[in-house]
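Okay, so here's the structure we're looking at.
The values are calculated or read from the model by the stated rules, or taken from the named source; none is laboratory data. Given the structure is predicted, the values throughout are model-derived calculations rather than measurements. All Cβ positions, even for glycine, are placed from backbone atoms using ideal geometry, and neighbour counts span all protein chains on display. Only protein heavy atoms, including side chains, enter the accessible area calculation; ligands, DNA and RNA are left aside. Shrake-Rupley method; radii C 1.70, N 1.55, O 1.52, S 1.80 Å.
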Amino acid sequence: VGTTVFELANEQGACVNGQVDILITTPPAPVFSDDFASGQIDPANWLVEASALDEATPGTNTPESAVTVAAEQLNMDVTGETDSWPGFNVTTVASYDASPTKPVVFELDRTELEYVLVAGTSAKQRSGVWVSDATGENRLWFGEYATYDATIGGWQYNVMRGVSSDSPLPGAGVGIPAFGAAKFNDRGNHRIKVVADGTNVVLYLDEEFGVSVPFPIATGLKFGLGTYVDAATNKATGW
């Protein structure tokens, strides 16, 4: 694809023991963007679904729960009617193919995650982004798990591919030490970015590297976002 020079140096003047692989990729070009300036959700671009993180016994939203657009922001207002992580997914209608030389980058600004602790400090909320194949059977979730009791929260990821190494929802995900600082765990405004190359999905917050997660799916990739609450009467507003 091209050529480059990559120099490694250290204070000890020691040689690098082993091979260093370098991959040169084409500079990214936008293929889709949406600032919601129209005040509406374009059904040609986005699929909006009431959904739940617990597929075995999925919870439901109250009738007043909704996904709306106001002031060029997408709002996901969720109140649980029944338990088991009800909420909303907003997913790209289009799908994309990825490769090491042409990775797909999906990034957006999560403005905030608000909440009402109707159920006390045991209440929990999640907001984050999805990467999935065209069928939705293979999925990766990367989001903030807001907790107020002894439950471990913070930024986590879950992978569901039907293999032994899965970390399925609605269980707690895999923690990301790089995002353990208080500046990330404030339920505030953060730039979320995922980079899929057909082999891995690399997770970033505010342009800082978090972790590379194996996700060997190269075709028909879809991307989305979501907000969920854990139980009936709990409330959250995301995005």
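May I ask for the net charge around Ala172, where only other residues with Cβ less than 15 Å from the Cβ of Ala172 are counted and Lys, Arg are +1 while Asp, Glu are -1? Mind dumping the intermediate values first?
Numbers: positive: Lys124, Arg126; negative: Asp54, Glu144, Asp149, Asp166, Asp230.
Combined, the nearby Lys, Arg, Asp and Glu give -3.
With θ taken as phi - 60° and the coefficients 6.51, -1.76 and 1.60, list the Karplus ³J(HN,Hα) couplings across the range 215-226 in order, rounded to whole Hz; mark glycine and proline as x.
3J(HN,Hα) across the range 215-226, in whole Hz: 7, x, 10, 10, 10, x, 6, 10, 10, x, 9, x.
Expressed as a whole number of Å, what is the distance separating the alpha-carbon centroids of the range 25-76 and the range 101-152?
13
Given a 1.4 Å probe and every protein chain left where it sits, what share in percent of the accessible area of the chain is carbon and sulfur? List each step's numbers first, then the result.
On the way: 6370 of 12360 Å².
Carbon plus sulfur share of accessible area: 51 percent.
Taking Lys102 as the anchor, which lysines have their alpha carbon closer than 28 Å to its alpha carbon, excluding any fewer than eight residues away along the same chain?
Once the sequence-local lysines are set aside, what remains near Lys102 is Lys193, Lys222.
Using the Karplus equation 6.51 cos²θ - 1.76 cosθ + 1.60 (θ = phi - 60°), what ³J(HN,Hα) coupling, rounded to whole Hz, does each residue of the range 37-51 give in order, writing x for Gly and Pro?
5, 6, x, 9, 9, 6, x, 6, 10, 10, 9, 9, 9, 6, 8
At 1.4 Å probe size, with every protein chain present, just tell me what the per residue accessible area of the chain comes to in Å². Show your work: numbers first, answer last.
Details: 12360 Å² over 239 residues.
Per-residue value: 52 Å².
Take each of the peptides 102-113, 27-38, 164-175, 193-204, average the number of other beta-carbon atoms within 10 Å over its residues, and list them starting from the highest. Can you show the working numbers first?
Working: 102-113: 17.5, 27-38: 9.6, 164-175: 14.3, 193-204: 20.7.
Final packing ranking: 193-204, 102-113, 164-175, 27-38.
Roughly how big is the range 14-97's charge dipole about its Cα centre, with Cβ charges of +1 (Lys, Arg) and -1 (Asp, Glu), in debye to the nearest 20? Walk me through the numbers on the way to the answer.
On the way: 0 positive and 13 negative charges, 56 e Å.
Dipole size: approximately 280 debye.
Using the Cα centre as the reference, give the magnitude of the dipole from point charges on the C-beta atoms of the chain (Lys, Arg: +1; Asp, Glu: -1; all else neutral), rounded to the nearest 20 debye. Numbers along the way, then the final one.
Numbers: 12 positive and 30 negative charges, 52 e Å.
The calculation lands at about 260 debye.
How high is the relative contact order of the chain? Use alpha-carbon pairs under 8 Å, at least six apart in sequence, and give a whole percent. The partial results should precede the final answer.
On the way: 564 pairs, mean separation 61.1, N = 239.
Contact order relative to length: 26 percent.
Would you tally the net charge around Ser122, using a Cβ to Cβ cut-off of less than 11 Å, leaving Ser122 out, and scoring K and R as +1, D and E as -1?
-1
Would you work out which of Ile176, Gly128, Tyr96 lies farthest towards the positive end of the dipole of the chain, given +1 charges on the beta-carbon of Lys and Arg and -1 on that of Asp and Glu, about the Cα centre?
After comparing all options, I get Ile176.
Provide the packing ranking of 49-55, 185-191, 222-228, i.e. peptides ordered by the mean count of other C-beta atoms within 10 Å per residue, highest first.
On the way: 49-55: 17.7, 185-191: 15.0, 222-228: 24.4.
Sorting 49-55, 185-191, 222-228 by mean packing, highest first, produces 222-228, 49-55, 185-191.
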